[in-house]
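Scroll down for the structure; my scribbles are underneath it.
The values are calculated or read from the model by the stated rules, or taken from the named source; none is laboratory data. These figures come from a predicted structure and were not determined experimentally. Glycine gets a Cβ as well: all are built from the backbone with ideal geometry, and neighbour counts include every protein chain shown.
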Amino acid sequence: MYYNKAELEKIRKKGEEIANELEEREKGSKYKSKADLQINCLHCKNDHFIKSNILLNTRGLTFFDLEWLNQSAITLVCDRCGFIHWFSEEVEKL
């Protein structure tokens, strides 16, 4: 398969975006809460976190094999000490 210059440039840019995203995920980012407050670690006062979504399982839905119907929460893991902060509403990257 052959690519023209425009397609190769698109592929290169996409690769750079992915690399930047992975690098950012490793070093963490700053976030603010819905109330426009910057989030700092409760344990070490760091301000860089790695964001993820966690499924909040319940016994009833797990029993019926319907875990995907459960609600989820947002977690921010401190990239210095590893303390996990839980949020029920979306947090915004600064």
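What strands (runs of 3 or more DSSP E) lie completely within region 18-94 and have 1 or more residues being in contact with a helix residue (DSSP H, G or I) (Cβ under 8 Å, 6 or more places away or on another chain) and without any contact (Cβ under 8 Å) to a residue 24 or more places away in the chain? Don't jump to the end; show me each part of the working.
Values: elements: 49-55, 72-78, 84-87.
The qualifying strands (runs of 3 or more DSSP E) are 49-55.
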* Structure fact -> In region 1-34, anything more than 20 Å from residue 78 (Cβ to Cβ) and of a type in the set (Gly, Ala, Ser) is listed as 6, 15, 19
* Structure fact -> Apart from one, (1) over 30 Å from residue 83 (Cα atoms); (2) part of a helix (DSSP H, G or I) all hold for residue 3; the odd one out is (2)
* Structure fact -> Filtering region 22-36 down to residues that are surrounded by 10 or more Cβ atoms within 10 Å (Cβ to Cβ) and either among the acidic types (Asp, Glu) or modelled with pLDDT of 85 or more (or both) yields 24, 29, 30, 31, 32, 33, 34
* To do: Kindly provide the set of residues from region 46-94 that are of a type in the set (A, V, I, L, M), within 12 Å of the chain's Cα centre (by Cα) and at pLDDT below 90, ordered by number.
  => 54
* **residue 14 part of a helix (DSSP H, G or I), surrounded by 10 or more Cβ atoms within 10 Å (Cβ to Cβ) and of a type in the set (D, E, K, R)** => yes
